[in-house]
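Nothing in this text is a laboratory measurement; each read-out follows from the coordinates by a stated rule. In this text, all values refer to a predicted model and were calculated from it rather than measured experimentally. Heads up, the Cβs are rebuilt from the backbone with ideal geometry, glycines too, and the neighbour counts pull from every protein chain shown.
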Amino acid sequence: MSTSRKVTDTEGRTWACRQDDSSHNTVVAAAPAPGQDVTVMCTTPSVSIPLRITVGWQWMTMSDNGLARIVADAAPQPARQ
């Protein structure tokens, strides 16, 4: 089972998101337990620090727009010129 996906937010930034299992010391990402939230790490070239968000265990099946909205809400806003 793949535990990564890409979404594009309303600012046009493409985010690569993957389940963050680093806190569990696992080599292979395991499927989350039903009902248990998971941590997802998302990156994009225009934001230097990876973004960690907590989402529901079925994050892989949520709509691209829904995930992109959660990521964009947690991300620093791009500088306006």
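On a full-extension model of 0.36 nm per residue, what is the gain between D73 and A33, subtracting their alpha-carbon distance, rounded to one decimal in nm?
11.8 nm
If you build the Cα gyration tensor of the stretch 4-74 and take the root of 5 times each eigenvalue, what three semi-axes come out, in whole angstrom, biggest first?
With the √(5λ) rule applied to the stretch 4-74, the semi-axes are 21, 14, 9 Å.
Provide the net charge surrounding W59, with neighbours chosen by a C-beta distance below 14 Å and charges set as Lys +1, Arg +1, Asp -1, Glu -1.
+1
How far apart, in nm, are the 7 Å Cα→Cβ label points at D64 and M41?
Result: 2.5 nm between the two label points.
Please give me the summed charge of the neighbours of W15: other residues whose Cβ is under 14 Å from its Cβ, Lys and Arg +1, Asp and Glu -1.
+1
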